[in-house]
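Each remark here refers to the structure printed beneath this line.
The values are calculated or read from the model by the stated rules, or taken from the named source; none is laboratory data. Just so we're clear, the structure is a prediction, and the values are computed from it rather than from any experiment. Every residue, glycine as well, gets a Cβ built from its backbone with ideal geometry; the counts of neighbours run over all protein chains shown.
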Amino acid sequence: MRNKLLRLGFLAKLFFFSLWALRLILFVGIPGAVIAIAGKIVDYGSWEPFLVVGGITLAAGSVCIYVGVVLLMFPAQLISFISSRQYGLLPYIRHYLAVLFVCILSILQVVACCILVFGIKREHAMHPSLIVAIMLIASFMVILFFVRLGSMQFFYFFVLPALGWYLVPQLKLMSSSVLAVILVCLWATFLGWWFSWHPKKYHKNLIVMNPSELNKQNLSFCWGLYSRGAVPQNLESGILFGQFGNSFYQVRMFLITLVVTGSVFALMFMLSPHDFSTGLMIGVKIGIGIQVIQVGYNYSLAVFKNINKYWLYFSLERMQLFNAVERKVAVFYLKNLIAITSIILVISFFIPNYLPLENIVFYVLVSLFITPFTLYMAFIIYAKWRGNSKVFNWINGIAMMLILGACFLGLNFFGHISDYLIYILIIILASLAVILVMRQYAKRLWQQVDLVRVAI
Amino acid sequence: MENTIININNLQRQIDGNKIIKNITAQVKSGDVVALLGKNGAGKTTLIETLLGFSYPTHGEVTLWGKSATKIDAEIKANIGFVPQQSELINHISVGDQIQLFQRFRQNWNQQLVDKFIEEWQIPLKQTVAKLSVGQQQKLSILLAIAHQPQLLILDEPVASLDPIARRQFLQQLIELASDAERAIIFSTHIISDVERIANKVWMLRDGILAYQGDLDELKESVARITIRANKPLPGSFNLPNIIRQRVQGNQAVVAFSQWTNEMGSQIENAYQAEIQVEYLSLEDIFLEMNNA
């Protein structure tokens, strides 16, 4: 069996995605550890706690994320593994995989159980170990179920915690013998399904896709879903922005996202036996923030993808093209920002404690800075790297992480605005200067730009 | 009267330090149907993109109706139909909506032509563009490129994804479009039989160089493969003009010439005291000879 699996490149395929996660450790974990060690060894005075605690947090956080990612990816990987053409042709592979499931889940169960038992210093391990086993197999089944749903795959990230909150307290109340019966039934159900299941060939697994594939998938499915029936107002905006060439649909997309994510959070809130309302509302707040902040991002992405087509149809030289696109993005973006902000203000009116006005002002301000940043970045990458979508994805990925960071930090920071007015002014002025420099640089590059095709 | 639509003057195009197009000078006049031939990576798409002004020439100039390709105005652009290699349609709207958008925007829209093709090619109007097959997307791209009856039609491997029936219908339409003496068509393809059917001019690109440009008939009449048989060993290579390719083995050689004349035959016979056999080639063989295949 070992040789057969090695010949298939099994491990390579199985851990393809975990390699991506490993990079997280390389880029974040190792620097974090180095910072922590340096902070401890060298005397940095009052900065020492920041360096040590910050470094350890970074390192430990990235390792935890890595382990979590690998655990979450594992079942999804197996689905795509059995669904791919070359492996699907091989008989009996699912028996090996079933054995592998049992082994891996058992090992995880033992490890988790040890942590649990030693952690709470309990002598009888049977009861918690059965709960852990049931939770593992149940989570495993939930992940497999969602991965099979195609585009709804990502929902298991929301469902798993809800499942944990709901199920664990119920299981705690049951006796060990009942738990044992449930565990056997779950395994029997899972294995029964596994051996009778007919995998779909070329099953698309969004969770293990690389960023460019994911981008394409997003464009072809999510945009399609959100913008169903969306017709651009005219060819000009249609060619440049695609479906987003009609503001109404951008607002509709925002509302759909709001309702869907709101419902998921509400579901989690309802299933939760504890009071997670504050945490959930922070989640909702950040979710709304991301939506507002990234209003302009869709336009930058669309410009990056469509600008060469736009040139072909309209009477514009290179610099006129730059100015026209800049103007069009500004008009569409501001129209949408106003519409979306109005909706959020209405929501804020009903839940002022959870979504205060300061937060909305903060989101709009960040959005106003992020949008020109991503637009000029798109211009620069397009001109300098000939529309290299990989560079675009990386830069925007980093930008999105910064946005998230800004959301987390800024929400608290903005609460004490009067104390930090001078710093906020400095940040605003510095951001403006950066945007102006980027604009000048983009314009310079744009004078003789090659309008290449971009495959996103 | 023939008008020059495209004028290419000493065009060079360099990408990331690689010379993709090398010193091309050519013209396209109204009435020309130019087949652009070349291996994968020969520079066909780069040449087309430069002709359309998407890319700046590294050196030289391309003009369309006398205006620099990178600075053409809307009036000229409205006179161009372009079918790119990969579909560049608006993906998530229906085919009908897409056609309507273009119709509102384009002058000279020929609705009869559109209806005819929608029926013949069975393009589903209510289907979302993203859900069409690659071949159907290609059909829609072609339809949108020809519906406004442009004076210059540029097609980058238009039939690559079409089924044989659709290909035949498309070629028939292209022949009809080509019958307009005011129109010029440039199309790149790997299907040589299509070239023989509709093109009157051929551009053969080899490693960025225009190895041949001229009339298709002249090309077929002038390119010849000569088999030379002598009584004594022949030189390692022949130092003669217009040789495309030569293979010498002892007393025998096979040499392909781009501009073959009977006088050249007499010269070879006399110089090497050899017998020669002349074979005029099909376009496909010419293409293979020119690409050393």
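Counted as qualifying within segment B:45-134 are the helices (runs of 4 or more DSSP H) with 1 or more residues that are within 9 Å of chain A (Cβ to nearest Cβ), namely B:74-77, B:95-105.
The single residue among B:ILE20, B:ILE5 that is more than 11 Å from chain A (Cβ to nearest Cβ), in contact with a helix residue (DSSP H, G or I) (Cβ under 8 Å, 6 or more places away or on another chain) and assigned to a strand (DSSP E or B) turns out to be B:ILE20.
Considering segment B:54-73 alone, what residues qualify as being among the aliphatic types (A, V, I, L, M) and within 12 Å of B:GLN27 (Cβ to Cβ)?
Answer for segment B:54-73, where residues must be among the aliphatic types (A, V, I, L, M) and within 12 Å of B:GLN27 (Cβ to Cβ): B:VAL62, B:LEU64.
May I ask you to list the residues in segment B:120-142 that are within 20 Å of the chain's Cα centre (by Cα) and more than 15 Å from B:ILE93 (Cβ to Cβ)?
B:GLN138, B:LYS139, B:ILE142, listed by residue number.
Against the definition (at pLDDT 65 or above and more than 14 Å from chain B (Cβ to nearest Cβ)), how does A:ILE417 come out, yes or no? When the stated conditions are applied, A:ILE417 does not pass them. The one condition from (1) part of a helix (DSSP H, G or I); (2) modelled with pLDDT under 75; (3) more than 22 Å from A:THR261 (Cβ to Cβ) that A:VAL178 does not meet is (2).
In segment A:311-331, which residue that is buried (at least 21 other Cβ atoms within 10 Å of the Cβ) and among the aromatic types (Phe, Trp, Tyr) is farthest from the other protein chains (Cβ to nearest Cβ)? Among those that are buried (at least 21 other Cβ atoms within 10 Å of the Cβ) and among the aromatic types (Phe, Trp, Tyr), it is A:PHE322.
Which residues, counting only those in segment B:154-166, are touching a residue at least 24 places away in the same chain (Cβ under 8 Å), of a type outside the set (Gly, Ala, Ser) and more than 24 Å from B:GLU182 (Cα to Cα)? Reasoning before the result, please.
Just the residues of segment B:154-166 that are touching a residue at least 24 places away in the same chain (Cβ under 8 Å), to begin with: B:154-163, B:166.
Remaining after also requiring of a type outside the set (Gly, Ala, Ser): B:154-159, B:162-163.
Across segment B:154-166, the qualifying residues are B:LEU162, B:ASP163.
Taking the numbered list (1) in a helix (DSSP H, G or I); (2) closer than 18 Å to B:PHE82 by Cα; (3) of a type outside the set (Gly, Ala, Ser); (4) away from chain A (no Cβ under 14 Å) in turn, B:GLN137 passes all entries but (4). The helices (runs of 4 or more DSSP H) found entirely in segment B:194-293 that carry 3 or more residues being closer than 27 Å to B:LYS39 by Cβ and out of contact with any strand residue (DSSP E or B) (no Cβ under 7 Å at 6 or more places or on another chain) are B:216-222, B:283-290. The residue of segment B:140-155 that is nearest to B:LEU64 (Cα to Cα), among those that are within 14 Å of chain A (Cβ to nearest Cβ) and part of a loop (DSSP other than H, G, I, E, B), is B:PRO150. Scanning segment A:156-180 for residues that are exposed (fewer than 13 other Cβ atoms within 10 Å of the Cβ) and farther than 17 Å from A:GLN109 by Cα yields a total of 6.
Residue-by-condition table, conditions (1) more than 22 Å from the chain's Cα centre (by Cα); (2) not in a helix (DSSP H, G or I); (3) not polar (S, T, N, Q):
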site: A:VAL303; (1), (2), (3): yes, no, yes
site: A:LYS335; (1), (2), (3): yes, no, yes
site: A:LEU345; (1), (2), (3): yes, no, yes
site: A:LEU355; (1), (2), (3): yes, yes, yes
site: A:VAL361; (1), (2), (3): yes, no, yes
site: A:PHE369; (1), (2), (3): no, no, yes
site: A:LEU375; (1), (2), (3): no, no, yes
site: A:VAL391; (1), (2), (3): no, no, yes
site: A:ASN396; (1), (2), (3): no, no, no
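Among residues of segment B:243-275 being touching an Asp or Glu at 6+ places or on another chain (Cβ under 6 Å) and crowded, with 17+ Cβ neighbours inside 10 Å, the one that is modelled with the lowest pLDDT is B:ILE244.
Matching residues to (1) on the phi < 0 side of the Ramachandran plot; (2) touching a residue at least 40 places away in the same chain (Cβ under 8 Å); (3) among the polar types (S, T, N, Q):
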{"position": "B:PRO84", "(1), (2), (3)": "yes, yes, no"}
{"position": "B:HIS92", "(1), (2), (3)": "yes, no, no"}
{"position": "B:GLN103", "(1), (2), (3)": "yes, yes, yes"}
{"position": "B:ASN108", "(1), (2), (3)": "no, yes, yes"}
{"position": "B:PHE117", "(1), (2), (3)": "yes, yes, no"}
{"position": "B:GLN127", "(1), (2), (3)": "yes, no, yes"}
{"position": "B:SER133", "(1), (2), (3)": "yes, no, yes"}
{"position": "B:SER141", "(1), (2), (3)": "yes, yes, yes"}
{"position": "B:LEU152", "(1), (2), (3)": "yes, yes, no"}
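Checked against (1) at pLDDT 90 or above; (2) in a helix (DSSP H, G or I); (3) loosely packed, with under 15 Cβ neighbours inside 10 Å, B:ILE165 passes all but condition (1). Scanning segment B:16-44 for residues that are farther than 24 Å from B:ASP215 by Cβ and either at pLDDT 90 or above or not charged (D, E, K, R) (or both) yields B:GLY17, B:ASN18, B:LYS19, B:ILE20, B:ASN40, B:GLY41. When restricted to residues that are touching a His at 6+ places or on another chain (Cβ under 6 Å) and buried (at least 20 other Cβ atoms within 10 Å of the Cβ), segment B:129-162 contains 0.
Yes/no matrix, rows are residues, columns are (1) within 19 Å of the chain's Cα centre (by Cα); (2) not polar (S, T, N, Q):
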residue	(1), (2)
B:GLN12	yes, no
B:ILE24	yes, yes
B:VAL33	yes, yes
B:ILE48	yes, yes
B:GLY53	yes, yes
B:TYR56	no, yes
B:GLU61	no, yes
B:ASP73	no, yes
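Residue pairs whose Cβ atoms lie under 7 Å apart, separated by 6 or more positions or on different chains, with the first residue in segment B:168-188 and farther than 23 Å from B:THR4 by Cβ and the second modelled with pLDDT under 85 and basic (Lys, Arg), do not occur. For segment B:28-48, a tally of residues being out of contact with any Asp or Glu (no Cβ under 9 Å at 6 or more places or on another chain) and either β-branched (Val, Ile, Thr) or surrounded by fewer than 16 Cβ atoms within 10 Å (Cβ to Cβ) (or both) returns 5. Does B:LYS39 satisfy being among the charged types (D, E, K, R), more than 10 Å from chain A (Cβ to nearest Cβ) and under 24 Å from B:ARG206 (Cβ atoms)? When the stated conditions are applied, B:LYS39 passes them.
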